[in-house]
1. Let's see if you can work this out: charge +1 on each Lys and Arg Cβ, -1 on each Asp and Glu Cβ, no other charges. What is the dipole magnitude of segment A:1-41 about its Cα centre, in debye to the nearest 20?
2. Once you keep just the Cα pairs under 8 angstrom separated by 6 or more residues, what percentage relative contact order results for chain B?
3. Which of the aspartates and glutamates could be linked to A:Lys137 by a straight reach, that is with a Cα gap under 15 Å, when you skip same-chain ones fewer than 8 residues away?
4. Got the relative contact order for chain A handy, in percent, Cα pairs under 8 Å and 6 or more residues apart?
5. I'd like the interface area for chains A and B: accessible area of each alone minus the complex, both sides summed, 1.4 Å probe, protein heavy atoms only. What is it in Å² to the nearest 100?
6. Tally Lys and Arg at +1 and Asp and Glu at -1 over the other residues with C-beta under 12 Å from the C-beta of A:Thr53: what net charge comes out?
7. Using alpha carbon centroids, what distance separates segment A:232-273 and segment A:73-91, in Å?
8. Looking at segment A:176-223, which residues lose a minimum of 50 Å² of accessible area between their chain alone and all protein chains in place, measuring with a 1.4 Å probe and not counting ligands or nucleic acids?
Amino acid sequence: MSDFLSAYSIQNWLESCPQGYLDGTEFGHLPGEGEPELLLENDILREDAIATTVQMVVGERCALAASSGLINAAPDEGSRRYLATQTLDEARHVEIFTHRLYDLGVRKDQLEDVIRRYANPNLVRFAEVLLEKVDRKDFVSGVVGQNVVLEGMAFSVFEMMHALSSELNPKFGRTLAGTIADERRHVGFGENRIGSLLKQYPEKKPEIERMQKEMSYWMLATFADSFRHNQTQAEMERLGQERPHSDYQGVDLGVLSPEQMEDVLADTVLKEFKTRLGRIGVEYQTPARP
Amino acid sequence: MNDPLQLEDAPVAGSETPRLRFLLDDSGFDEVPKKYRRFYRKWRGAGDVLAPNEVICPVCKVVIRSTRELRVGDRVYCMPCMSRLVVMRAEDGTLEARVAY
């Protein structure tokens with residue numbers, strides 16, 4: 001155990017992250033990179049980008065509250081130090097996605113109103129389920145909720161967004177790539193730490209399974225709202241802009257409808273949940289489809 | 001440890017024949033400290049193929065590369081997500097990595 005946790009040291013984090021893939025970046029992208037003109041000049045595209053980015057800020061604020069809240073619930077020094085690095089990662093994510101809202105034209109004095117207006121209520125419920133475990137200092141459930149469910153979802157969502165945006169919007173693509181790199185550590189800690197802890201506390205499994213089912217339901221409801229209300233694809237077609245033919249999970253995103261994209265993402269995330277939970281000995285619970 | 005492949009254990013099945021050796025180039029993977037970067041690469045999606053010295057980390061989906069051919073029973077380390085893995089034979093006959101908690 002000591003060997004495993006020693007890998008999650010502050011030194012390793014410094015060498016990999018700030019001195020590694022974030023070296024030379026500014027708010028997650030290269031200095032001088034901006035949002036594409038097309039996005040800034042078209043009200044429909046800009047509003048969709050703001051709505052999407054607000055969900056990212058909401059999700060990352062939840063992750064920041066969860067990772068910082070779990071520090072004092074952790075049973076060992078190594079986990080506390082690791083969670084300190086994750087707390088800084090999550091705070092950075094909140095900052096870079098908030099900064100993207102400013103780049104998209106949101107004024108600082110409008111920020112909280114914009115977040116309230118666009119925050120998906122289903123995503124807020126998703127966050128509340130997790131933060132209730134954190135508030136009760138339930139480390140095992142909290143880490144499964146945060147590092148397996150929330151981070152597992154974010155990992156797949158960001159990968160899809162990266163595939164969709166990196167060609168048309170290199171600035172956002174680079175921001176997402178750095179975030180995905182952070183998520184690798186987060187899901188790694190979740191699986192590795194909980195995989196061993198659940199052997200010590202098998203009585204926690206039923207509660208964790210209920211939490212996963214509930215969080216998964218709110219996640220699917222968020223996906224449904226996001227894809228069904230998104231007007232970007234229709235607007236791009238109206239403008240005669242060709243969609244990038246990028247690969248995600250073996251499918252060409254350039255030919256899928258929003259509903260088909262929702263299905264691909266939901267299936268990918270749920271399959272990943274099932275696989276990840278199975279590896280740590282938790283039985284995946286199929287959520288209702290909203 | 002310089003190579004994700006950890007060879008200090010007893011010989012594993014099939015180890016009687018010499019392992020193939022591989023020269024690793026930098027694939028541009030920048031999520032680990034510089035001296036370890038050549039040991040990892042990103043999975044390129046549909047159409048990508050694993051070489052005999054490569055295996056995918058099931059936790060973070062990065063491709064782990066060794067300077068030597070990988071075989072069943074080998075223990076490898078995924079630095080991007082810090083998972084310890086064991087190389088196994090998958091149902092389809094290919095090599096896959098499983099997490100060792």
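1. Result for segment A:1-41 is approximately 300 debye, rounded to the nearest 20.
2. Values: 186 pairs, mean separation 28.1, N = 101.
It rounds to 28 percent for chain B.
3. Partners within reach: A:Asp76, A:Glu128, A:Glu207.
4. Numbers: 332 pairs, mean separation 62.7, N = 290.
RCO, chain A: 22 percent.
5. Details: alone 13210 and 6320 Å², together 17600 Å².
Adding both sides of the contact gives about 1900 Å².
6. Values: positive: A:Arg46, A:Arg100; negative: A:Glu35, A:Glu47, A:Asp48, A:Glu60, A:Asp103.
Residues near A:Thr53 contribute -3 overall.
7. Rounded to whole Å, the Cα centres lie 35 Å apart.
8. Buried-area filter returns A:Arg184, A:Asn192.
The values are calculated or read from the model by the stated rules, or taken from the named source; none is laboratory data. Everything numeric here is computed off the predicted structure, so don't read it as measured data. We place every Cβ from the backbone using ideal geometry, glycine too, and count neighbours over all the protein chains shown. Ligands, DNA and RNA are excluded from the accessible area calculation, which covers all protein heavy atoms including side chains. Shrake-Rupley method; radii C 1.70, N 1.55, O 1.52, S 1.80 Å.
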